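Here is the structure we will look at.
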Amino acid sequence: MIQLEEKIYFYLLFAIPVLVVVFVLLQFWKRKSQKRFGDLTLLKRLTPSKSIFKSTLKLVLFLVALTLLVVGLVNPKIGTKLETVKREGVDIVFALDVSKSMLAEDIAPNRLEKGKRLVSEIINHLGSDRIGIIAYAAQAYPQLPITTDYSAAKMFLQSMNTDMLSSQGTAINEAIELASTYYDDENQTNRVLFIISDGEDHAEGTTEEAVEKATEEGIRIFTIGVGKTKGAPIPIKRNGIIESLKKDMNGDVVITKLNEAILQEIAAEGNGEYINGDNTSEAVEYIKEQLNQMDKKEFEAKQFAEYKDQFQWFVGGAFLLLFLDMFVLDRKTKWLRKLNLFNENKKE
């Protein structure tokens, strides 16, 4: 198992293509300047020991060294031991609405990103609970089975978007029915389902049976509303730029609104509570209090332990390449010149 301690340093890798472009432009400039100075054939005869590819080799060594330094700054860690530990917690499933209405920007940056942030912050405050993730629109899709791997949960969470499900709508009943299959421990007394949605496009009357069945199985359903009740249009973007707004069959701009009534009804029937997700910190703090009040069940889980830093190998490799770069000169190497790989010794 590998952990990356400081992922933010990966942004330094964007310097590599910039350096390559600068190098190519510099080579063009040198060649142009040489042509202006004199005949290229004559210049080659005057500098017979100048290597054609050494400058490129030095650049490659430097870029590989830079890459290794960046990885060293990220500090990858490897878990050297897999052990079984006893933990206490609650089984929690997050069902996140990924319908198109979640693209509305009445809450920054949009409803979907707000929902993902809420789930991520809740995960940050969990202790030993098991979690699972579901994506749903007109149908539900299992995103992550029940697990204690919070890092994997966040990775899958960030990859969720409104294009992952082709059918549109907000079939909350589908999410509830799928969530019921996630709880694989019959002895777990506390099972929690968080539904994060704007409640829009929901067909009333379709969730009552699903909620009733879930509560019979001991599942408490909490709903988290994202968006504003006054509503907002749904932007259609390309490359991050708004091209138009979603319209209905009559050509009118669609205004999507937070349907709190539906979400409150589902939470009440599911022995849970409705939470407005407008204020992230307040919502997360309230959820944390609710989870702390629940009885915890002890279970066994396998996890990697004894993580060891690996940055020294990458930093050491980088310094070795930089050291070698000092001995790579622009002139030809004698033994390589004898091989005449590029037909550079051809007599004219």
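The values are calculated or read from the model by the stated rules, or taken from the named source; none is laboratory data. What you are looking at is a predicted structure, and each value in this text was computed from that prediction instead of being measured. Every residue, glycine among them, receives a Cβ derived from its backbone with ideal geometry; neighbour counts consider all protein chains shown. Quick note on the areas: whole protein, heavy atoms, side chains included, nothing else; ligands and nucleic acids left out. Shrake-Rupley method; radii C 1.70, N 1.55, O 1.52, S 1.80 Å.
Observations on the model:
- Counting only helices (runs of 4 or more DSSP H) that sit completely within the range 96-189, those holding 2 or more residues that are of a type in the set (Phe, Trp, Tyr) correspond to 150-158.
The rows are residues; the columns are (1) under 25 Å from the mean Cα position of the chain (by Cα); (2) basic (Lys, Arg); (3) at pLDDT 85 or above.
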{"position": "Leu144", "(1), (2), (3)": "yes, no, yes"}
{"position": "Met155", "(1), (2), (3)": "yes, no, yes"}
{"position": "Leu165", "(1), (2), (3)": "yes, no, no"}
{"position": "Gln168", "(1), (2), (3)": "yes, no, no"}
{"position": "Ala175", "(1), (2), (3)": "yes, no, yes"}
{"position": "Asn190", "(1), (2), (3)": "no, no, no"}
{"position": "Asp201", "(1), (2), (3)": "no, no, no"}
{"position": "Gly218", "(1), (2), (3)": "no, no, yes"}
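- Residue count for the range 258-280 satisfying the condition of being of a type in the set (Gly, Ala, Ser) and either under 21 Å from Glu105 (Cα atoms) or within 29 Å of the chain's Cα centre (by Cα) (or both): 2.
- Of all residues making up the range 261-288, the number that are farther than 18 Å from Ser101 by Cβ, of a type in the set (Gly, Ala, Ser) and open to solvent by 10 Å² or more (accessible area, probe 1.4 Å): 3
- Restricting attention to the range 222-260, the residues that are among the basic types (Lys, Arg), part of a loop (DSSP other than H, G, I, E, B) and surrounded by 11 or more Cβ atoms within 10 Å (Cβ to Cβ) add up to 3.
- Qualifying residue in the range 117-132 (condition: more than 20 Å from Glu285 (Cα to Cα) and open to solvent by 60 Å² or more (accessible area, probe 1.4 Å)): no
Residues checked against (1) part of a strand (DSSP E or B); (2) at pLDDT below 75; (3) closer than 24 Å to Leu126 by Cα:
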{"residue": "Leu291", "(1), (2), (3)": "no, no, yes"}
{"residue": "Ala305", "(1), (2), (3)": "yes, yes, yes"}
{"residue": "Gly316", "(1), (2), (3)": "no, no, no"}
{"residue": "Leu322", "(1), (2), (3)": "no, no, no"}
{"residue": "Lys346", "(1), (2), (3)": "no, yes, no"}
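- Any hit, the range 85-92, residues being over 30 Å from Gly317 (Cβ atoms), open to solvent by less than 30 Å² (accessible area, probe 1.4 Å) and modelled with pLDDT of 90 or more: yes
- Close pairs from the range 312-328: first closer than 18 Å to Pro76 by Cβ and open to solvent by less than 100 Å² (accessible area, probe 1.4 Å), partner among the small types (Gly, Ala, Ser) and part of a helix (DSSP H, G or I), Cβ under 9 Å, at least 6 apart: Gln312/Gly72; Phe314/Gly72; Val315/Gly72; Gly316/Gly72; Gly317/Ala65; Gly317/Gly72; Ala318/Ala65; Ala318/Gly72
- Residues within the range 233-261 that are touching an Asp or Glu at 6+ places or on another chain (Cβ under 7 Å), aliphatic (A, V, I, L, M) and in contact (Cβ under 8 Å) with a residue 24 or more places away in the chain, tallied: 1
- Residue in the range 143-151 that is aromatic (Phe, Trp, Tyr) and in contact with a helix residue (DSSP H, G or I) (Cβ under 7 Å, 6 or more places away or on another chain) present: yes
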